[in-house]
Amino acid sequence: MTIIYFILSALALGVLVLIHELGHLLAAKAVGMFVESFSIGFGPSLFKKKIGNTEYRIGVILFGGYVRIKGMERNKKKDSQISEESVYDIPQGFFSKSPWKRIIVLAAGPLANILLAFVAFGALYLSGGRNKPYSEHSQIVGWANPILKEKGIKLGDRIHTCNGKPYLGDKDAFTSALLDGHLALNGVHPGYLYGAPSEFSVDVSFDPEREGVPCLGASYLLFYDKAPLSSQSPMINAGLTKDDRLVWMDGELLFSTAQVSKILNEGYALVKVLRRGQEFLTRQPRVLAGTLGMSAYIRNELIDNQYEAGIKGKWTSLYVLPYAINSYGYVESELAPIDPESPFPYIEDRLELGDRIIAIDSMPVSSSIDILRLVQNHKVTIIVQKMQPDQLVEVDTSVADTRFIESYDSRDLLKIINSLGSSEEVKTAGQYRLLAPIQPKPWISIYSEERLNPQRELAKKIKNQDKQRYYLEKIEEEKHKLSLGIPLQDAIVRYNPSPTYLVGYVIRESLRTMRALVTGQINHQWLSGPVGIVKILHTGWSLGLGEALFWIGLISVNLAVLNFLPIPVLDGGYIVLCLWEIITRRRLNMRVIERVLVVFLILLIIFFIFLTCQDLLRSFVG
């Protein structure tokens, strides 16, 4: 199938070029120009046939094409005795026609590409659009870079605009940060469980090349029942069924797999606290006792509790909460690290003097001994939601975010959350149910080491030793991370904007990219040449006709924008020359024009060779 997809990709690129050159051909004939030859591809002919006065041919190198119009190129052998201006006097020649007619011919190629894009996007629209994971087109923040979090962005926030433009998904945040060097985000904190929605506005400098991805879209985190669970999965006996959705874990509503992994590997204890008659949940770090500064009295109390709890080992290797806690579970003071320069877990909500700890990880406690015993092995508390069929029906992306926010029933969810750690714990409420506490395991304890071999082999193919070492180390690091050992999938939504919107959007983004390249805001690594285009089309075909149509339309618009650039040898460059002729009312000096064209042609060839080499390096080196 890979070969078939490659052939289809090459054909698609050929069609893009064919349509472009066909636009020039038809326009030239329409205004009365003599077309000498029409070629798809360069180099020696694989096929050629003369029809009327025009020779039609297919070249060996299919990545390109041309239309040769009489008088556009001076034949130096035949015309060495003819003045430069005589090209204007060649019957049916390109320059013999008025500048406006020449502009029509020059613009016809890019406009034909835009027309092709309308056809591709139109076919996609009529077929119902593309089915995509909700996270790809979600306005809801599923994961946020720490830089955005520091500015007030919260998981679950809904972003309405990004740098003054409508926000359609995390790709907009990445592109805007890359092209503009900053993010101006406006939106709403929905207030899922507590309080009313409130607006927010954030403006922050952000460089993706240095700081990574700004944010990721929210996901439904649905249990994928078609993949069998590993016998070593911590969730093997959790009773998960089709359309169960992970919605809450250790005090947080869940919005992405990245957030789930973060909660699991932070290992914070879920602590229920009684403060001035009010109960609330908070996440508190579990730290090694040996890293905290303790008085002799507190240390001796800890050793006594260790003995009473039946925990073996040195007291310095015990996990504790960073507080002095008396025998009844009351907080007496906060404990600081011995070395203030050493990394210490972040505490969002610090416990206060007089707070009483009444539950750890949803288990009731009545003494400091119970607390010490339970913090040694962290178990996560998870609430799942049984999604109904109507909640997972494919909907358009325009309404998907509202549906996502409204999928939470705060009343039923809070019934379970507020009862955690009490003698009257609520196990089910409406669509929600509480799972038994789960002990996460390292990934390698759940799955076979062999599952990592394909990733290792890919990493070993990277020629850059530093990059290879980095990815191999990441693989080794990931396998030791804690996991629930369950496959999760997202809900599917329908992305089907109008052809007019897509064409306009691609034109705007193409122009933004061009501007960023000229100003140096982005570098060449984000560009692709013919090989990269074929690779993109190959991926599109492999994902289905809808994806292929989308990428054909997108690349066709980009080719149109590229050809309209006012650069000599491109259509836009010739159009500028024609406009100059109209303004000055003087014929062009063809000798000067030819010299300029030769220089820019050489530069263009070098540029495309560079992009091709870059594409090949991406494909074979990494």
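Every number in this text was worked out from the coordinates using simple rules, so none of it is lab data. Given the structure is predicted, the values throughout are model-derived calculations rather than measurements. Because the Cβ atoms are built from the backbone with ideal geometry, glycine has one as well, and the counts that use them run over all protein chains shown.
Quote the charge dipole size of the chain about the Cα centre in Debye, to the nearest 20; the model charges only the Cβ of Lys and Arg (+1) and of Asp and Glu (-1).
Charge dipole of the chain: 2800 debye, to the nearest 20.
Enumerate the aspartates and glutamates that residue 467 could reach by cross-link, defined here as Cα to Cα under 20 Å, with residues fewer than 8 away along the same chain left out.
209, 211, 457, 476, 477, 478, 615
Note down the net charge around residue 429, summing +1 for each Lys or Arg and -1 for each Asp or Glu among other residues with Cβ under 9 Å from its Cβ.
Values: positive: 411, 415, 427, 433; negative: 409, 412.
Result for the neighbourhood of residue 429: +2.
If I stretch the segment between residue 419 and residue 592 completely, what's the gain in nm (0.36 nm per residue apart, minus their alpha carbon distance), one decimal?
Taking residue 419 through residue 592 to full extension adds about 53.9 nm, to one decimal.
Efficiency by 1/(1 + (r/R0)^6): what FRET value for residue 474 and residue 262, r their Cβ-Cβ distance, R0 = 22 Å, to the nearest 0.05?
After rounding, the FRET efficiency stands at 0.85.
Sorted from fewest to most neighbouring beta carbons within 10 Å, what does the list 159, 61 look like?
So the residues, fewest neighbours to most, are 61, 159.
Filter 272/379; 272/479; 415/441; 132/165; 242/272 down to the pairs with a C-alpha to C-alpha distance above 24 Å, please.
Too far apart for the 24 Å limit: 272/479; 415/441; 242/272.
Under 20 Å between alpha carbons, and skipping anything fewer than 8 positions from residue 48 in its own chain: which lysines qualify?
Within reach: 29, 70.
If packing is taken as the average number of other Cβ atoms within 10 Å across a peptide's residues, how do 215-221, 319-325 rank, most packed first?
Numbers: 215-221: 26.1, 319-325: 22.7.
Result, highest mean first: 215-221, 319-325.
Taking the DSSP beta bridges in the chain as the whole, what percent of them are antiparallel, to the nearest 5?
Of those bridges, close to 95 percent are antiparallel.
Above 15 Å lies some portion of the pair distances; for the range 133-218, what is it as a whole percent of all C-alpha pairs?
When every Cα pair of the range 133-218 is considered, 52 percent fall beyond 15 Å.
What ranking do 471, 574, 328 get, fewest neighbouring Cβ atoms within 10 angstrom at the top?
Exposure proxy ranking, most exposed first: 328, 471, 574.
Between residue 467 and residue 316, what length comes free when the chain is fully extended (0.36 nm per residue of separation minus the Cα-Cα distance, one decimal in nm)?
Full-extension gain reported as 50.6 nm.
Cut-off under 19 Å on the C-alpha distance; same-chain residues fewer than 8 positions from residue 463 excluded. Which lysines are left, in chain and number order?
Correct list for residue 463: 474.
Taking the dipole about the Cα centre of the chain, with the C-beta of Lys and Arg at +1 and of Asp and Glu at -1, give me whichever of 324, 176, 234 is farthest to the positive side.
Farthest along the dipole direction, towards plus: 176.
May I ask you to sort 550, 404, 255 by Cβ crowding, counting other Cβ atoms within 10 Å and putting the fewest first?
Ascending number of Cβ neighbours within 10 Å: 550, 404, 255.
Compute the signed sum of charges (Lys and Arg +1, Asp and Glu -1) over the other residues within less than 14 Å, Cβ to Cβ, of residue 560.
-2
Can you work out the FRET efficiency for the pair residue 328 and residue 150, with r the C-beta to C-beta distance and R0 = 51 Å, to the nearest 0.05?
0.85
Take the Cα atoms of the chain, build their convex hull, and give its volume per residue in Å³.
Expressed per residue, the convex hull around the Cα atoms of the chain is 198 Å³.
Please list, in order, the residues from the range 15-33 whose amide nitrogen is less than 17 Å from a point placed 7 Å along the Cα→Cβ vector of residue 49.
No residue passes the distance filter.
Could you work out how far the C-alpha centroid of the range 219-293 sits from that of the range 108-157, in angstrom?
Here the two parts' Cα centres lie 30 Å apart.
Using the beta-carbon distance between residue 352 and residue 160 and R0 = 45 Å, what value does 1/(1 + (r/R0)^6) give for FRET efficiency, to the nearest 0.05?
E between residue 352 and residue 160, to the nearest 0.05, is 0.75.
For residue 396 and residue 275, compute 0.36 nm times the residue count separating them, minus their Cα-Cα distance, and round to one decimal in nm.
39.0 nm
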